[in-house]
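Working notes, beginning with the structure itself.
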Amino acid sequence: MIKRCHTVAELNLLLGERKGTVGLVPTMGALHEGHLSLVRQALEACDQVVVSIFVNPTQFAPHEDFDSYPRTVESDMAMLAGLGDVIVFTPSRDEVYGEGDLPVDSYERPTFTLLCGGRRPHFFGGVCRVVYRLFKMVGPDKAYFGEKDYQQLQIIRQMCRDFDLDVDVVGCSLIRESDGLAMSSRNQYMTDQERATSIQIYAGLRAVREAFSNGDQSVASLRRCFQSKLTDPQWDLDYCEIVGPQTLNSRNSEAILGDRLIVAAVLGKTRLIDNCSI
Ligand code: PAF
């Protein structure tokens with residue numbers, strides 16, 4: 001059964017005495033199968049599951065899509081209803097940020113400026129601000145994040161170590177559409193033509209994995225291999241990097257087994273990110 005609440009007081013009433021493990025799946029709504037797979041994993045491992053839906057203003061720059069970001073709470077609830085007993089927590093901006101400044105608000109890490117942080121310098125600071133607050137509000141034992149946002153996942157793990165937060169951060173496999181496109185709430189921004197072109201990203205990832213398993217370890221050559229698959233002139237490649245899986249530092253010359261290939265590219269108005277291990 002689905003129960004919805006808006007405040008921490010209501011949430012605590014629903015959670016009651018908190019016997020057993022509480023799992024949190026933080027989301028911004030516009031749920032898709034990728035989110036549902038996180039919720040399913042939480043339901044399997046935890047006694048109580050909270051899904052938060054909050055479009056977090058601090059992770060959007062003024063020119064980004066905060067206002068137009070899809071807000072579909074009713075259909076999100078309907079999707080969750082099929083999964084099991086879930087508490088949907090939809091706090092207001094005041095409920096989340098009303099307490100004012102916290103130490104996490106000045107939290108910075110070198111990883112914030114890498115990869116997606118290059119074009120979105122505000123982003124990871126904003127994510128940490130809200131995830132820290134959600135952890136404080138919900139008090140989860142476990143929290144579930146998708147590997148689609150691989151950099152975000154590593155940064156949240158680091159934040160938990162830095163602030164000594166006792167939350168087990170569970171990384172869950174990226175979920176793809178049947179043609180290979182990584183699921184994302186922003187995929188709906190694409191035109192039909194862009195949607196057809198978008199699968200070139202997955203073709204690029206597969207080509208790199210194949211080249212690497214055939215013995216090509218040169219980062220420059222693997223990067224060219226990826227780029228060769230983005231044949232549509234509309235692509236604006238943001239980055240294509242091979243990074244250490246935890247440090248997120250780019251390899252400069254040779255890729256190593258277990259590294260992460262991580263890419264971002266813009267197609268029309270949609271910025272797509274993807275990654276895989278090699
Ligand atoms: O990955 C997301 O949807 C968001 O960045 C998160 C973790 C819910 C924080 O707003």
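The values are calculated or read from the model by the stated rules, or taken from the named source; none is laboratory data. Everything numeric here is computed off the predicted structure, so don't read it as measured data. Using ideal geometry, Cβ is built from the backbone for each residue, glycine included, and neighbour counts are taken over all protein chains shown. Heavy atoms of the whole protein, side chains included, go into the accessibility calculation; ligands, DNA and RNA do not. Shrake-Rupley method; radii C 1.70, N 1.55, O 1.52, S 1.80 Å.
Taking R0 as 45 Å, what FRET efficiency do you get between Arg71 and Ala45 from their Cβ-Cβ distance, rounded to the nearest 0.05? Walk me through the intermediate numbers first.
On the way: r = 29 Å, r/R0 = 0.64.
That gives a FRET efficiency of 0.95.
What's the carbon and sulfur percent of the chain's accessible surface, probe 1.4 angstrom, rounded to a whole number?
48 percent
At a probe radius of 1.4 Å, what is the per-residue accessible area of Phe60, in Å² to the nearest 10?
The accessible area comes out at roughly 20 Å².
What is the magnitude of the charge dipole of the chain about its Cα centre, with +1 placed on the Cβ of each Lys and Arg, -1 on the Cβ of each Asp and Glu, and no other charges, expressed in debye to the nearest 20?
Result for the chain is approximately 360 debye, rounded to the nearest 20.
Could you work out [θ]222 nm for the chain from helices alone, using -39500 (n - 2.57) per DSSP H run of at least four and dividing by all its residues? Round to the nearest 500 deg cm²/dmol.
Numbers: 10 runs with 100 residues, N = 278.
Helix contribution divided over all residues of the chain: -10500 deg cm²/dmol.
Could you work out the Rg to Rh ratio of the chain, with Rh taken as the Kirkwood radius (inverse of the mean 1/r over all Cα pairs)? Walk me through the intermediate numbers first.
On the way: Rg = 19.1 Å, Rh = 19.7 Å.
In the chain, Rg relative to Rh is 0.97.
Residue separation times 0.36 nm, minus the C-alpha to C-alpha distance between Asp168 and Thr7: what's the value? Working shown, then result.
Values: separation 161, 0.36 × 161 = 57.96 nm, distance 2.35 nm.
Taking 0.36 nm per residue and subtracting the Cα distance, the gain is 55.6 nm.
What does the accessible area of Tyr97 come to, in Å² to the nearest 10, when a probe of 1.4 Å is used?
Roughly 50 Å² of Tyr97 is accessible to a 1.4 Å probe.
As a quick test, which of the pairs Lys148/Lys229; Lys136/Lys269; Lys3/Lys142 have an alpha carbon distance above 24 angstrom in this structure?
With Cα atoms farther than 24 Å apart: Lys136/Lys269.
Apply the a/c threshold of 1.5 to the C-alpha gyration tensor of segment 129-213 and tell me whether it is rounded, prolate or oblate.
prolate
Taking only the Cα atoms of segment 60-212, how large is their convex hull per residue, in Å³?
In segment 60-212, the Cα hull volume divided by residue count equals 169 Å³.
Defining a contact as two alpha carbons under 8 Å apart and six or more residues distant in sequence, what relative contact order in percent does the chain show?
That works out to 17 percent.
Top to bottom by accessible area (1.4 Å), largest first, where do His63, His6 land?
Reading off the accessible areas and sorting them downward yields His63, His6.
Heavy-atom accessible area per residue, the chain, 1.4 Å probe: how many Å²?
46 Å²
What shape does segment 151-278 take by its C-alpha gyration tensor, where a ≥ b ≥ c are the square roots of the eigenvalues and a/c under 1.5 counts as rounded, a/b above b/c as prolate, and the rest as oblate? If you can, show how the numbers build up before the last one.
Numbers: a/c = 2.07, a/b = 1.21, b/c = 1.71.
Oblate, since a/c reaches 1.5 and b/c is not below a/b.
Calculate, for Leu237 and Ala81, the FRET efficiency according to 1/(1 + (r/R0)^6) with r their C-beta to C-beta distance and R0 51 Å; round to the nearest 0.05.
About 0.80, to the nearest 0.05.
For the chain, give the share of DSSP beta bridges that are antiparallel, in percent and rounded to the nearest 5; count only bridges with both residues there.
45 percent
Normalising by the residue count of segment 1-72, find the relative contact order in percent from Cα pairs under 8 Å and 6+ residues apart.
The normalised contact order for segment 1-72 reaches 33 percent.
If you average the alpha carbon positions of segment 1-50 and of segment 133-210, how far apart do those two centres end up, in angstrom?
Comparing the Cα centres of segment 1-50 and segment 133-210, I get a distance of 18 Å.
With every protein chain present, what accessible area does Ser106 have (1.4 Å probe, heavy atoms only), rounded to the nearest 10 Å²?
Counting only protein heavy atoms, the figure is 90 Å².
R0 = 25 Å: FRET efficiency of Arg161 with Lys136, Cβ-based, nearest 0.05?
The value I calculate is 0.90.
Provide, in order from the shortest bin, the percent of all Cα-Cα pairs of segment 85-136 in each 5 Å bin, continuing until the bin that contains the maximum pair distance.
4, 18, 24, 19, 15, 12, 5, 2
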